Amino acid sequence: MSANPQWDVSKALAVARLFYLLCGARDACVAPFLTLYLRQLGLAAPWVGVLMGTKHLIASTWAPVCSFLAKNYQKRQLLLTGSLLGSAVAGLLLTLVSPLDKDMVYHYCNSNKSLAVTGVALQMMLPVSTAPNHSARVTSFTRFKQELSSGFPVRLLRNARETILQKEHFTSLSVLPGIYFEKARETIQETAPPPKNEVLEVETSPMKTQRSLISPSNSGIMMRKGDSWNSVFETTGPALPLLHVDSELETPSIKGNLSLAEKTGAQDNSLALSLEGEHWIFLLSMMVVLFWELLSAPLGPATADSLYEYLDFVDATDCYRRLWVWRLLGASIAVSTVPVLVGQLDCFLTEDTPRAVVYFYVYTLLSILALPISFAIPIPNSKRREPSHKAIKTLSLIGSDCFLVLLAVTVFLTGAAVANVENFLFWQMQDKGSSDLSMGLSVTLSLMGEILLHPFKAKMLKNLSSLGTLGLGLGCLSGQLLYYALLWNWWAIFPAQVFGAISNGALWWAVDALVEDLVIPGTERSLSVMLRGLFYGNGASLGSFVGGFVVLHYSLAVLYKTYCVVLSLWLVLFMAIQSKLPQQRKINYSKILAMDTADGSDSEEGAERDWLIKAMRDEYLTGRAENKY
């Protein structure tokens, strides 16, 4: 460190604050809305869970290794520059993946304006013109399609039930409100019997809409997959006098003169095409996410290690512990301001580019803005290499202490639960009719609560103790999960987000405090990094893998209730086990330095009895044993 240039500490801290502010805003532009974008691309919950689980796995394993190599080979500045530039480009690659179905993008884009996403079953009668003229019939259906896409105006629903009672003939159209469910049905049945071997077949799946008209070759009427509603209505024979919308049917059905084998074959072909497109989008998204995370994940650990080593060298580690506030501040600003811009745009910027790609554009812009600031970050040029077995020693330290094992399991389960909240909570809010702005505000509320609670950190840890604060954090997290499972409307999410300051902030404050009390000074940071990176990251990875399949086969409410029960049971088990463990008191050197020197004895006999000398001797012997090992 002697060869390092002289740095102004205040200048270094100002650079670090600005860099953390931009990096927090950069990550918040994409991370909360990434699963929503993957949903619009056409990926189901299991595929999204696999993608997010892979992302967490790379961040927890590759990032520490890459940071370690960059430190040992003095390539930290190159790593920071390459990570910012590479992630800025890699984030744009995901915008090149085209959605599986544009109708799905339109549906999610207009979800906050449509009655179809309120979660209430729609039972309404929509009158349709019965003009015999073909052009008039096409005009009528065109107008109906435009009104349908605008969100079912109230004027179309007025006196609907009275109208159906006055009509003898009607056509039934059975749908579910939106395409949020895994299965839906649309069947069209005309008042007059259709010609032999002719049937209009409409299938809807949450991933792809298939429409086809099966008719004899001499009829000249054939509907290809992917045709618009206009072409569907133009090729249907007589006009439909009335449409009945019913939302109580949940299973696909095809009515007509086709045999069972023909119906089954048509369904299998449509399903095969849909699955093939979904698998292709999944593979493309997986490659992009892998490449993106490999480039962006090392940025955080490399920056944190550089700043900590420099501030530790100038004895200013207390300033380092306050830098996290600037990252949260940047995230809280970006997550609530960028959705305002996105909400003012059309559903598609171009033919195949949904408006959600703006999140990735802002991400790239902030990465470029943070690039020149990264050159001003103080990077120590220490020639002393860190032992390669430090991580192994940290793991052995955890394995040798039963309380640290309990703490590691707690962090692991917390990561699994929080990952599923981050992955699918916005899906739930979207199903309830929430906009992107409301989702961003909910995240801002949680982050600002954590910032505002921080001044009371010392008082909370003193009055409740570290163990009591840990139990409070786990209890609040369990309560939040139960609340999410019972969520009845999108605006009801805001009261629960207030407790995010305790379930996230206070929980980690307690973990750090317990680590500082239990381990030998000098190893607490490496242990905290291990808990946050390896255990929390792998818990988030496993939780994402499992959570997607639980959502598919059961529901999101079942997933949240399950984690609520698991965390509650673990909290009881944790408190029961730790009360049986032997109490181990570690040396607190800050208290030693504060002791009055008059208590010491100058005599040899007094020196032998001095507890400080005994403690130093025990630590010296322990260090020799570890070095020998």
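The values are calculated or read from the model by the stated rules, or taken from the named source; none is laboratory data. Quick caveat: nothing in here was measured; it's all calculated off a predicted structure. For neighbour counting, all protein chains shown are included, and Cβ atoms are generated from backbone atoms with ideal geometry for every residue, glycine included. Protein only, heavy atoms only, side chains kept; ligands, DNA and RNA dropped before computing areas. Shrake-Rupley method; radii C 1.70, N 1.55, O 1.52, S 1.80 Å.
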Item to check | Residues satisfying the stated conditions in segment 522-554, i.e. within 18 Å of Tyr308 (Cα to Cα), surrounded by fewer than 21 Cβ atoms within 10 Å (Cβ to Cβ) and touching a helix residue (DSSP H, G or I) at 6+ places or on another chain (Cβ under 6 Å) | outcome: Glu524, Ser526, Ser528, Gly533
Next on the checklist: Every residue in segment 510-521 that is assigned to a helix (DSSP H, G or I) and open to solvent by less than 20 Å² (accessible area, probe 1.4 Å), please.
Outcome noted: Ala510, Val511, Ala513, Leu514, Val515
Checklist entry - Quick one: is Ala297 crowded, with 21+ Cβ neighbours inside 10 Å, closer than 22 Å to Ala70 by Cβ and either touching a residue at least 40 places away in the same chain (Cβ under 8 Å) or of a type in the set (Val, Ile, Thr) (or both)? => result yes
Checklist entry - Looking at segment 305-312, is at least one residue part of a helix (DSSP H, G or I), open to solvent by 50 Å² or more (accessible area, probe 1.4 Å) and among the hydroxyl-bearing types (Ser, Thr, Tyr)? => result yes
Next on the checklist: Step by step: first the residues of segment 354-374, then only those that are β-branched (Val, Ile, Thr) and surrounded by 16 or more Cβ atoms within 10 Å (Cβ to Cβ), then the one that is nearest to Tyr20 (Cα to Cα). Which residue is that?
Outcome noted: Ile373
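From the residues in segment 335-351 that are over 18 Å from Leu365 (Cβ atoms) and open to solvent by 60 Å² or more (accessible area, probe 1.4 Å), which one is modelled with the highest pLDDT?
Looking at residues that are over 18 Å from Leu365 (Cβ atoms) and open to solvent by 60 Å² or more (accessible area, probe 1.4 Å), I get Asp346.
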Checklist entry - Does Ala506 fit the bill of being modelled with pLDDT under 95 and surrounded by 23 or more Cβ atoms within 10 Å (Cβ to Cβ)? => result yes
Item to check | Residues satisfying the stated conditions in segment 470-505, i.e. in contact (Cβ under 8 Å) with a residue 24 or more places away in the chain, part of a helix (DSSP H, G or I) and over 19 Å from Tyr563 (Cβ atoms) | outcome: Trp490, Trp491, Phe494, Ala501, Gly505
Checklist entry - Going by the conditions given, is Arg327 open to solvent by 70 Å² or more (accessible area, probe 1.4 Å) and either modelled with pLDDT under 90 or among the aromatic types (Phe, Trp, Tyr) (or both)? => result no
Item to check | Conditions (1) within 18 Å of Ala16 (Cα to Cα); (2) among the aliphatic types (A, V, I, L, M); (3) in a helix (DSSP H, G or I); (4) open to solvent by less than 80 Å² (accessible area, probe 1.4 Å); number of the one not met by Ile379 | outcome: (3)
Next on the checklist: I'd like to check something: does segment 413-420 contain any residue that is buried (at least 19 other Cβ atoms within 10 Å of the Cβ) and farther than 30 Å from Leu41 by Cβ?
Outcome noted: yes
Item to check | Test for Gln77: is it in contact with a strand residue (DSSP E or B) (Cβ under 7 Å, 6 or more places away or on another chain) and in a helix (DSSP H, G or I) | outcome: no
Checklist entry - Within segment 63-98, can you find the residues that are surrounded by 16 or more Cβ atoms within 10 Å (Cβ to Cβ) and among the aromatic types (Phe, Trp, Tyr)? => result Phe68
Item to check | Complete set of residues in segment 308-331 that are in contact with a Pro (Cβ under 7 Å, 6 or more places away or on another chain) and within 18 Å of Glu524 (Cβ to Cβ) | outcome: Glu309, Phe313
Checklist entry - Based on what the data block shows, is Trp427 outside any helix (DSSP H, G or I) and among the hydrophobic types (A, V, I, L, M, F, W, C)? => result no
